[in-house]
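Visitor: Can you read through this structure? Questions will come right after.
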Amino acid sequence: MLLKVSIALVFFAMVISLGAGAGFLLRDDLASRRLLSSLKWRIGLGCLLVGLLLYGFLSGQLG
């Protein structure tokens, strides 16, 4: 149960980061680094999500 909640929270955080990145793209000037920071967070969260899913399937908790 804890694994499923963790997966849902990480996915929700990725969606928030995606929305923030879209907002930064529309509002900020070209010198802003917030869009890059948002992308770094999204990549890290994506790796964490894949790791959690892989762990869940290999341990038998998902599937």
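The values are calculated or read from the model by the stated rules, or taken from the named source; none is laboratory data. It should be emphasised that the depicted structure is a prediction, and the values quoted were computed from it without experimental measurement. Neighbour counts run over all protein chains shown; Cβ positions are idealised from the backbone, glycine included. When the accessible area is computed, the model is the full protein with side chains, heavy atoms only, and any ligands, DNA or RNA have been set aside. Shrake-Rupley method; radii C 1.70, N 1.55, O 1.52, S 1.80 Å.
Visitor: Taking PHE24, is it at pLDDT below 95 and aromatic (Phe, Trp, Tyr)?
Guide: Yes: the conditions hold for PHE24.
Visitor: Restricting to the range 44-63, give me the number of residues that are surrounded by 12 or more Cβ atoms within 10 Å (Cβ to Cβ) and assigned to a helix (DSSP H, G or I). If you could, list the steps in order and put the result at the bottom.
Guide: Keep residues of the range 44-63 that are surrounded by 12 or more Cβ atoms within 10 Å (Cβ to Cβ), which gives 44-46, 48-49, 52-53, 55-56, 61-62.
This time we only want the ones that are assigned to a helix (DSSP H, G or I), so: 44-46, 48-49, 52-53, 55-56.
Qualifying residue count, the range 44-63: 9.
Visitor: For ILE7, are the conditions met, namely being open to solvent by 40 Å² or more (accessible area, probe 1.4 Å), modelled with pLDDT of 95 or more, assigned to a helix (DSSP H, G or I) and among the aliphatic types (A, V, I, L, M)?
Guide: no
Visitor: Suppose we keep only residues that are surrounded by 12 or more Cβ atoms within 10 Å (Cβ to Cβ) and aliphatic (A, V, I, L, M) within the range 16-38. Which one would you say is farthest from LEU53 (Cα to Cα)?
Guide: LEU25
Visitor: Does any residue of the range 27-41 turn out to be part of a loop (DSSP other than H, G, I, E, B) and among the hydrophobic types (A, V, I, L, M, F, W, C)?
Guide: Yes, because at least one residue in the range 27-41 is part of a loop (DSSP other than H, G, I, E, B) and among the hydrophobic types (A, V, I, L, M, F, W, C).
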